[in-house]
Amino acid sequence: MQKTTAEASGLLTKEQVAAWAKVSKKQIDLQVASGSFPAPIYVGKQTPRWLMKHLIQWADAQERSAPRKVKKPALKISER
């Protein structure tokens, strides 16, 4: 499959971003509005696009700020 010009340049549509983030297009809108997801750039008056490098940077920042789960050692019950 041949990449479109937008894909080749690293510009993604809302549909592509939603698929990448594994959420709905509506969820992308809500997260952008709340400031918890990168805002799009507009290549036309009503043509939002996201730069892949911005999405990767956002994902990396999310991963770094996520609390790490630390496994607690199992308690050993001594025999009596």
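Any residue that is surrounded by 11 or more Cβ atoms within 10 Å (Cβ to Cβ), at negative phi and touching a residue at least 40 places away in the same chain (Cβ under 8 Å) - is there at least one of those in region 32-45?
Looking through region 32-45, none of the residues is surrounded by 11 or more Cβ atoms within 10 Å (Cβ to Cβ), at negative phi and touching a residue at least 40 places away in the same chain (Cβ under 8 Å).
Of everything in region 46-63 that's touching a residue at least 40 places away in the same chain (Cβ under 8 Å) and in a helix (DSSP H, G or I), which residue is farthest from Lys26 (Cα to Cα)?
If we take residues in region 46-63 being touching a residue at least 40 places away in the same chain (Cβ under 8 Å) and in a helix (DSSP H, G or I), then Lys53 is farthest from Lys26 (Cα to Cα).
With the requirement that a residue be touching a helix residue (DSSP H, G or I) at 6+ places or on another chain (Cβ under 8 Å), exposed (fewer than 14 other Cβ atoms within 10 Å of the Cβ) and not in a helix (DSSP H, G or I), what does region 8-31 give you?
Correct list: Ser24 only.
Bear in mind that the values in this text are calculations on the coordinates, not laboratory data. For clarity, every value in this text was computed on a predicted model and none was experimentally measured. Glycine gets a Cβ as well: all are built from the backbone with ideal geometry, and neighbour counts include every protein chain shown.
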